[in-house]
Amino acid sequence: MTKTHKAIKVENVAKGKADWHLYTDYCKGCGLCIVKCPKKCLNWSKEVGIYQTPAVEPNPEECIGCGTCELVCPDNAIRVEKK
Amino acid sequence: MIEMLEKGPRLAKAQNAEVGASKFCPGCGHGMILKTLAQTIDELELNDKAVFGCDIGCSLLSWNYMNVDTVQTHHGRTTPVIYGVTRANPDLVGIAYMGDGGGLAIGSQHLVNAAVRSENLLIIVANNTNYGMTGGQMSPTTMPGQKTETTPYGRDCDVTGRPAKGAEMVASIADPEKSFVARASVSNLRKLKATFKKALKNVDMGGFSFVEVLSVCPLNWRTNNVQTWDRLKTMEEFFEVKDFVQREGLE
């Protein structure tokens, strides 16, 4: 059986050039990515992370898929996949 | 909306994929430092050669973080244990990982003697200006005026002395022909990776490397996400971020 991961998936950010994923079993809700985002488009989500604190979610219209949030996340919770 | 995905998070090969979320607090700087270290080990293809040693304190929680051979010791003794390993087997690349308490207070004699003798290992000191695991007491690197559990009115330098500057101290005693000494910060992880790359290359060449990394501790600083990055900025003004000693021929 293949292992599956719980995730928030935001498709087609950056004008359809990338997909944005956040693994809720990894996100601890520290919010460091929100400050580092160059477009300030990350916001608290309605979904919760591993410690039952809010996870984050980008605004798909403003996100440019740069991957800064993935770089800075201390817990590897974010994956930005460029198409 | 929560979905179930088959593809997991993007982890480096040198990171242990089986443990799931790390044991650190939310927003801990250790996660960023270790993630960058694991990526650097991957890029230099040192996965089979690296030996990772973690110290007591919050850095001990990294005992199952890396997918390389790991050993855990107490109170700064990581330094002698790891250079014992590299003396016995010079082909290995030893990495001693510790916090500012382990490296600059209780284990400082090991750090000084390893630097004087140019032992073959990389020492990483994560400096978050307090003792994180025991509840945020004053450490040697606590900044002037900083409030901690044991300095509730701010650190008074007349009573407790000035903050220890580890990288400057090691740079003044390290052999310039064999050493790489630098201070980096988690505010710029690309630069941190470049620093780790130089340090690990130097260790692979048989030299001594010391990297002090300015880190964050949101729980004991009692800061939110914005204040955490602001505090790190004031730390970077106090502790100079640069390469202090770099041997010739190191890129």
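Here segment A:1-38 is the region considered, the condition is being surrounded by fewer than 14 Cβ atoms within 10 Å (Cβ to Cβ) and more than 9 Å from chain B (Cβ to nearest Cβ), and the residue that is nearest to B:Gln227 (Cα to Cα) is A:Pro38.
Here is the figure for segment A:46-83: residues that are over 22 Å from B:Gly29 (Cα atoms) and facing chain B (nearest Cβ under 9 Å) total 2.
The residue list B:Leu37, B:Leu11 contains one member that is of a type outside the set (S, T, N, Q), crowded, with 18+ Cβ neighbours inside 10 Å and within 14 Å of chain A (Cβ to nearest Cβ), which is B:Leu37. Test B:Val241 against the criterion of being of a type in the set (A, V, I, L, M), touching a residue at least 40 places away in the same chain (Cβ under 8 Å) and open to solvent by less than 20 Å² (accessible area, probe 1.4 Å), and give yes or no. The answer is no for B:Val241. If I ask for residues that are in contact (Cβ under 8 Å) with a residue 24 or more places away in the chain, within 19 Å of B:Tyr65 (Cβ to Cβ) and under 12 Å from the mean Cα position of the chain (by Cα), which ones from segment A:50-70 would you list? Passing the criteria: none in range. Looking only at residues in segment B:14-28 that are more than 7 Å from chain A (Cβ to nearest Cβ) and of a type in the set (Gly, Ala, Ser), the one that is surrounded by the most Cβ atoms within 10 Å (Cβ to Cβ) is B:Ala14. Could you list, in sequence order, all residues of segment B:192-230 that are without any contact (Cβ under 8 Å) to a residue 24 or more places away in the chain and open to solvent by less than 60 Å² (accessible area, probe 1.4 Å)? Passing the criteria: B:Ala194, B:Thr223. Within segment A:69-82, none of the residues are farther than 26 Å from A:Lys3 by Cα and open to solvent by 10 Å² or more (accessible area, probe 1.4 Å).
Checked against (1) outside any helix (DSSP H, G or I); (2) under 19 Å from B:Leu121 (Cβ atoms); (3) within 14 Å of chain A (Cβ to nearest Cβ); (4) not basic (Lys, Arg), B:Val216 meets all criteria but (2).
Could you go through segment B:148-157 and let me know if any residue there is under 25 Å from B:Leu37 (Cα atoms), open to solvent by less than 70 Å² (accessible area, probe 1.4 Å) and either among the aromatic types (Phe, Trp, Tyr) or over 21 Å from the mean Cα position of the chain (by Cα) (or both). Checked segment B:148-157: no residue is under 25 Å from B:Leu37 (Cα atoms), open to solvent by less than 70 Å² (accessible area, probe 1.4 Å) and either among the aromatic types (Phe, Trp, Tyr) or over 21 Å from the mean Cα position of the chain (by Cα) (or both).
The values are calculated or read from the model by the stated rules, or taken from the named source; none is laboratory data. Remember, predicted model here, so these are calculated numbers, not experimental data. Because the Cβ atoms are built from the backbone with ideal geometry, glycine has one as well, and the counts that use them run over all protein chains shown. We work out accessible area using only protein heavy atoms, side chains counted, and drop any ligands, DNA or RNA first. Shrake-Rupley method; radii C 1.70, N 1.55, O 1.52, S 1.80 Å.
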